[in-house]
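K.L.:
Encoded as structure tokens, here's the structure I'll be asking about.
The values are calculated or read from the model by the stated rules, or taken from the named source; none is laboratory data. Keep in mind it's a predicted model, so treat the numbers as computed, not measured. FYI the Cβ positions are ideal-geometry reconstructions off the backbone, even for glycines, and counts take in every protein chain you see.
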Ligand code: COI
């Protein structure tokens, strides 16, 4: 790859590749050999480098540890049959990272640093990208505050990093969810749309309570009325009621603008489905579960891809949603997405970038 930026590369002398069991990958546990780093100081991003993946040295007074000024992205790279590396909608992740940055008072990262850092890292660690169906390389770009200062104000220094992990499925089986009407993930005016670390931290306790009762995840509702379904912990959610695909809109600023969400909506329209970006009421969901008009429910996300929802708890009652693999929209759309991501079909929408 031709780079225009100066990226200093120090390669590892102790690759973990041969010791990695690609047949038993646990999401986020096996990390590739290298990481990309850029630092922000004196008003600019500089010192671009790739180093062996290794622990960070942080001062105990590091602002991120105390006030959580930290954002991240999740994206994936795939290998096609010819062994070429295909990157899915990386431009959308780059833009969303900067939207999160603005909300969290983090300086925006120039597009070329994101893209060239990423491409150089992927090229260097290309042998880490699995070439089996259902497997991919999960990419984690993130930015965090680097000031060592306990006063509450935006940091003046930051670090941008990317590391990658070969992964299989995030959810090994269909997920069960519970509609959450006490706790809140995001309120209007808050940070719900941003991929901010704190959003995930705040969701852990209510999710844990649900997990203790046997559910994998929550279906979050709006902070004000708890009547509208918003999203799930690690993914956006979609419902097929009769032949209409319904998912929460993003204008309230409480929903993560998922790139898989957007891709599924695009494909659903192309497939001739009616798509409604509107809030599904909890009462409407309950009625659709009772009268059988809810055909399927699923989550969408980079890590989760398309995750079938097999059980929904609404107002204390469990409703089972059997999978319908033969004709379900979620199965068809997952196949369409995979065909694009693994290069098995023509990329008509400009979603694929070759490394
Ligand atoms: C992703 O899908 O990339 C996410 O960010 C979810 C993650 C928190 C597992």
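K.L.:
I need a count of the residues in the range 263-272 that are surrounded by 16 or more Cβ atoms within 10 Å (Cβ to Cβ) and not in a helix (DSSP H, G or I).
P.N.:
Residues flagged as surrounded by 16 or more Cβ atoms within 10 Å (Cβ to Cβ) and not in a helix (DSSP H, G or I) within the range 263-272 amount to 0.
K.L.:
Tell me, which strands (runs of 3 or more DSSP E) wholly within the range 194-262 include 2 or more residues that are free of Cβ contacts under 8 Å to residues at least 40 places away in the same chain and either more than 12 Å from the ligand (Cβ to nearest atom) or surrounded by 18 or more Cβ atoms within 10 Å (Cβ to Cβ) (or both)?
P.N.:
Fully inside the range 194-262 and qualifying: 244-247.
A quick yes/no check of all residues on (1) assigned to a loop (DSSP other than H, G, I, E, B); (2) under 19 Å from the mean Cα position of the chain (by Cα); (3) over 26 Å from residue 147 (Cα atoms):
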{"position": "47", "(1), (2), (3)": "no, no, no"}
{"position": "50", "(1), (2), (3)": "no, no, no"}
{"position": "58", "(1), (2), (3)": "yes, no, no"}
{"position": "92", "(1), (2), (3)": "no, yes, yes"}
{"position": "95", "(1), (2), (3)": "no, yes, no"}
{"position": "98", "(1), (2), (3)": "no, yes, no"}
{"position": "102", "(1), (2), (3)": "no, yes, no"}
{"position": "105", "(1), (2), (3)": "yes, no, no"}
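K.L.:
Return the total of residues in the range 138-169 being within 30 Å of residue 341 (Cα to Cα) and either in a loop (DSSP other than H, G, I, E, B) or touching a helix residue (DSSP H, G or I) at 6+ places or on another chain (Cβ under 6 Å) (or both).
P.N.:
Final tally of qualifying residues: 5.
K.L.:
If I filter the range 63-78 down to residues being surrounded by 21 or more Cβ atoms within 10 Å (Cβ to Cβ) and more than 16 Å from the ligand (Cβ to nearest atom), which single residue comes out as farthest from residue 107 (Cα to Cα)?
P.N.:
So, considering only residues that are surrounded by 21 or more Cβ atoms within 10 Å (Cβ to Cβ) and more than 16 Å from the ligand (Cβ to nearest atom), the one farthest from residue 107 (Cα to Cα) is 63.
K.L.:
Consider residue 172 carefully, then state whether it is within 16 Å of the ligand (Cβ to nearest atom), under 25 Å from residue 337 (Cβ atoms), under 19 Å from the mean Cα position of the chain (by Cα) and without any contact (Cβ under 8 Å) to a residue 12 or more places away in the chain.
P.N.:
So residue 172 passes the test.
K.L.:
Considering only residues that are surrounded by fewer than 19 Cβ atoms within 10 Å (Cβ to Cβ) and either assigned to a strand (DSSP E or B) or touching a helix residue (DSSP H, G or I) at 6+ places or on another chain (Cβ under 9 Å) (or both), which ones fall in the range 337-349?
P.N.:
344, 345, 346, 347, 348, 349
K.L.:
Consider residue 160 carefully, then state whether it is buried (at least 17 other Cβ atoms within 10 Å of the Cβ), away from the ligand (no atom under 16 Å from the Cβ) and either at pLDDT 95 or above or under 18 Å from the mean Cα position of the chain (by Cα) (or both).
P.N.:
So residue 160 passes the test.
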